[in-house]
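In what follows, a single structure is set out as structure tokens and then discussed.
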Amino acid sequence: MGFSKLHLYILLINSTILLLITAETETSTHSEPKNHIAVSVGVVLDFNSSTGFAANSCISTALSDFYSLNKHYTTRLVLHPKNSNGVLSAASAALELVNDDQVYAIIGPQYSKEATFVAEIGGKSQVPIISFSVTSSSLWPSQNPYFIRTTLPDSSQLECITSLVQKLGYDAVVVLYQDNTDTESSTGFIPSLTDAFQKASIQLSYVIAISSSANESHIRQELSNLRRMQTRVYLVHMTSSDLASRLFSIANEEGIMNNGTAWIITDALSNTLRSLDATTIEAMEGVIGVKPYVPKSKNLEIFKIKRKENNINMLCLRAYDTVWALATSVEKLKLPQVRTSLDKSNASSAAITDLRVSETGPGLVQKIWETRFLGLSGEFKLKDGQLETPVQEIINVVGNGDRVVGYWTSRSGFSRKIATTTYDGHGAVYSGPVENVLKPIIWPGDSTKKPNGWEVPVMGQKLKVGVPRKKGFKEFVNVTEVLGDTKKYNVTGFCIDVFEAALDSLSFKIEPQYIPVDESIETYKDLVNKLSGTKYDALVGDLTIRADREITADFSLPYLESGVVMVVRVEPDRLKNMWIFLKPLSWDLWLTIVLAAVFIGFVLRMLERHVNPQRQLGMLFLFPLAALAFPERNMVGNKWAKFVLVVWLFMAYILMQSYTANLSSILTVSQLRPSADSPACAGYQRYSFVGDMLKKMNIKTRNYTSMEEYDDALSHGCKNGGVDVIFDEIPYVKLFLHKYGSKYQTISSKMDGTATGGFGFAFPTGSPLSKPISKAILDIMEEGKIQQIEKRYFGVGYTFQYHAEDIPRDGPSLTSYSFAGLFTITAFLTVVALVCSECSSAISRFRNLHAVNISRVQSVEMTDYVSSDEDEPQDSKEKAEILGQEESNDGQVVQTTNIHIDHGGE
């Protein structure tokens, strides 16, 4: 957001006033006014370096600006600068500041190696060590409460860089970093970067360490090694502007920064980008980088005008804010009540242990942690002893400088507009590919198309593809020599056509050069294991994806299913058996059925003995069988007998249906031999991993190379020099059954469930071709091209030839246990019917006996009252007729007897 001319004039007037105030403040600071409390603060920097010199200048400016705006403060910071250019000088300076100058805090040191020792001194003396430049992730404030980091650690940008690489679709990166013992690059950044990339499944293809003192020839040699690599994504982490200038200039001269490459820089270089010369910026065109977002403010513009610099180093802004935070915290302390003292308990002859312990340290650390304000670099807010991670900017080097193409936050991810705690980022987009979220990016080579991120080293040449030679199953791979030229070959087959279809589906052109594999290779496993050390860039053929092969090679996605199955010969002659009709049921089931029929006949005889006593016992035993053939309705008279007969017919119906179904299965399904559990000998395809599996099963094996040999071996059998079974993978078995389907069949075996990854193409470990080829395989699968190739080489019925269902080999007979439930229910219902019938008969007999006794009593009483009246003979006659009725035991009337009493009537 630009400023108008009026604003600029106002800023110039304000800056002039501030300069006058600064000069006055600096004079008053060094003179230590009587009304102000002087607070000694140490500054440990490398003043011989441009960074240290600039940082010290910003510290002085910050001190002047702070007290010019806060004249009423009772405290004044008094700086004690110490120059350091190594660990020993930094430690010595810190000891002098603590013991001699009795400082309340130390700002610095500049490098991480120095900060480790100085922080230890600060922890023992309780003097806060405030660093605005150390970004090493190996040094954390949580390890030392008196070490405060007022800048962002390297780890704060790692999440942003990792997310950027992922969103751009890159899975491999080459890292170039500055390897100096006095910087944080070699101590913390690379290990942290490695961990972050590993968690995100990003491969570090190569790591190049370049010293700041490296000459041009060394840098050129290192960059030339990048040409032989496949990865074309480079991450640069350098703190030295001079080294970065030389690196990118040489990379541009060598033609490495061209189309197809992606360069990313960390904030170590992004923050100092505008300090580079125009030639270096021009060489870096197309580079993208990350750096902390610095919000625009009026104070920042005034600060730039005051220092007469438009591009202020981020380190300078951090130093400025650090002084303001320390000055604010010191003012909040009640300094007249505190003092420094010598720790006599730890006193010794060694200077490192003879430290003065500051009583202000704990309180000052707490006040610094609680300090909140809006500084030049953004919001100053500490968390766990270090600055919180703010918004990150995504920049793109274009033209004479850089431009912001987007922003990133750990909470929301990438966006085109900024979203902070004070601005909600209305209209910002956080989803979708980075290309759609960020502003258009100009890549190296002045290209707007996102680079692939990798490139085959043989690009522009032919891709050397190894192809195995096979004597059989040539439908998959067939290698023939060209007539008249023994060095040229014609390579065809299903696998070759699939591979070429995948190459045609790629967004770039690759021409394959097929080279037959040496026949001395014993197995495909040996071939894959030696792929990385051979001249081949890929292996194409009927290669099975296996876990042990993935260790030494990279595979594409499978383009054909696989798995091990067993094939045996069909023998229908074994069905010619005169007793086959007994096979559906086992002998114990036959016996159980006979016993059940006898039991049912006995129960029927018991139930029918009152109704049809004239029937013989032997005939009743035949009732169950007769009921099946002659289902007459009046075969039995007792109602409970009819119930038992219905139960028997239900059971017999189920048994007959089961018998019929099993007999049909035996007559229609051919018997297969031998048993899959223990074959005498087995065959397998040469070069296949199946041979190793069979050796573990202790089975006699023979290997073959063609379908014709399979057929011959199975036809002869193991006793005649062949084999009883063939173990092979599904694609070969499907092709074999497609040709000899009527003679052979697959059955279950111990190898069932031995699944494999399918057929795939093999590449050397780390090859960038595996991923695009895998995507191309998915594309041609969805388009149906692979199915068309299958029909062309294997025929229409190939796909449906193999069935995974297991067909029974022995046609097992049904046993009595299979119908135990049915027999139990039948027996239970039959017994219940018998018990109910007997109970009913007993009750009927009891009722009839009681009725007869009552009738006899009534008959006697009637004879005692015979009258002489002429009507009495008639009444006696009627009563006698009633008494003449008698019922049978089952409740039915057997006969009626009319008794006529002659009274000498008429």
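Just checking, does the stretch 729-751 include any residue being at positive phi, of a type outside the set (Phe, Trp, Tyr) and surrounded by fewer than 18 Cβ atoms within 10 Å (Cβ to Cβ)? Even if it seems obvious, please write down each step before you answer.
Within the stretch 729-751, the first condition is being at positive phi, and the residues that meet it are none.
No: the stretch 729-751 contains no residue that is at positive phi, of a type outside the set (Phe, Trp, Tyr) and surrounded by fewer than 18 Cβ atoms within 10 Å (Cβ to Cβ).
Screening Gln102 against (1) at negative phi; (2) of a type outside the set (D, E, K, R); (3) modelled with pLDDT of 90 or more leaves a single unmet condition, (1).
Here the stretch 57-91 is the region considered, the condition is being within 22 Å of Leu139 (Cβ to Cβ) and surrounded by 17 or more Cβ atoms within 10 Å (Cβ to Cβ), and the residue that is farthest from the chain's Cα centre (by Cα) is Lys82. Pairs linking a residue in the stretch 587-598 that is closer than 14 Å to Leu822 by Cα to a residue that is not in a helix (DSSP H, G or I), with Cβ atoms under 7 Å and 6 or more positions apart or on different chains, are Leu589/Leu814; Leu589/Thr815.
For (1) among the aromatic types (Phe, Trp, Tyr); (2) under 30 Å from Gly406 (Cβ atoms); (3) touching a strand residue (DSSP E or B) at 6+ places or on another chain (Cβ under 9 Å); (4) not assigned by TED's automatic domain parsing to the domain that holds Phe414, each residue gets a yes or a no:
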residue	(1), (2), (3), (4)
Leu95	no, no, no, yes
Val103	no, no, yes, yes
Gln126	no, no, yes, yes
Tyr146	yes, no, yes, yes
Cys160	no, yes, yes, no
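Looking across the stretch 245-270, the residues that are surrounded by 22 or more Cβ atoms within 10 Å (Cβ to Cβ), out of contact with any Phe, Trp or Tyr (no Cβ under 7 Å at 6 or more places or on another chain) and of a type outside the set (Val, Ile, Thr) come down to Leu247, Phe248, Ala251, Asp267, Ala268, Leu269, Ser270. Quickly run through the stretch 688-724 and pick out the residues that are among the charged types (D, E, K, R), free of Cβ contacts under 8 Å to residues at least 12 places away in the same chain and under 19 Å from Gln745 (Cα atoms). Correct list: Asp712 only.
Could you list all residues from the stretch 355-368 that are more than 10 Å from Val127 (Cβ to Cβ) and in contact (Cβ under 8 Å) with a residue 40 or more places away in the chain?
If we filter the stretch 355-368 for residues that are more than 10 Å from Val127 (Cβ to Cβ), which is where we start, we get 359, 362-363, 366-368.
If the condition is that a residue be more than 10 Å from Val127 (Cβ to Cβ) and in contact (Cβ under 8 Å) with a residue 40 or more places away in the chain, then Glu359, Pro362, Ile368 are the ones that fit.
Filtering the stretch 281-300 for residues that are surrounded by 17 or more Cβ atoms within 10 Å (Cβ to Cβ), at pLDDT below 85 and under 29 Å from Lys449 (Cα atoms) leaves an empty set.
When the stretch 235-262 is examined, which residues are found to be in a loop (DSSP other than H, G, I, E, B) and either among the charged types (D, E, K, R) or free of Cβ contacts under 8 Å to residues at least 12 places away in the same chain (or both)?
As a first pass, look at the stretch 235-262 and keep what is in a loop (DSSP other than H, G, I, E, B): 238-240, 254-261.
Listed by number, the residues that qualify are Glu254, Gly255.
Can you pull out the residues in the stretch 354-385 that are part of a strand (DSSP E or B) and either closer than 22 Å to Asn299 by Cα or in contact with a Phe, Trp or Tyr (Cβ under 8 Å, 6 or more places away or on another chain) (or both)? Across the stretch 354-385, the qualifying residues are Ser358, Arg372, Phe373, Leu374, Gly375, Gly378, Glu379, Phe380, Lys381, Leu382. Scanning the stretch 187-198 turns up no residue that is buried (at least 23 other Cβ atoms within 10 Å of the Cβ), in the same structural domain as Gln166 (by TED's automatic domain parsing), over 34 Å from the mean Cα position of the chain (by Cα) and of a type in the set (A, V, I, L, M). Pairing each residue of the stretch 278-295 that is within 16 Å of Ile264 (Cβ to Cβ) with any residue that is crowded, with 20+ Cβ neighbours inside 10 Å and among the polar types (S, T, N, Q), provided the two are 6+ apart or on different chains, yields C-beta distances under 6 Å for Ile288/Asn396; Gly289/Ser270; Val290/Gln157; Val290/Gln392; Lys291/Ser270; Lys291/Asn271. The number of residues in the stretch 99-147 that are farther than 21 Å from Trp369 by Cβ and surrounded by fewer than 24 Cβ atoms within 10 Å (Cβ to Cβ) comes to 8.
Please work out if Leu557 is in a helix (DSSP H, G or I) and modelled with pLDDT of 85 or more.
Taking the combined requirement at face value, the residue does not satisfy it.
A single entry from Val646, Val725 fulfils the requirement of being hydrophobic (A, V, I, L, M, F, W, C) and either at positive phi or at pLDDT 85 or above (or both): Val725.
From the list Ile773, Ile786, the one residue that fits, being within 30 Å of Ser205 (Cα to Cα), at pLDDT 85 or above and outside any loop (DSSP other than H, G, I, E, B), is Ile773.
Exactly one residue out of Leu376, Leu387 is within 23 Å of Lys304 (Cβ to Cβ), surrounded by 13 or more Cβ atoms within 10 Å (Cβ to Cβ), of a type outside the set (D, E, K, R) and modelled with pLDDT of 90 or more: that is Leu376.
The values are calculated or read from the model by the stated rules, or taken from the named source; none is laboratory data. Since this is a predicted model, take the numbers as computed values, not measurements. For neighbour counting, all protein chains shown are included, and Cβ atoms are generated from backbone atoms with ideal geometry for every residue, glycine included.
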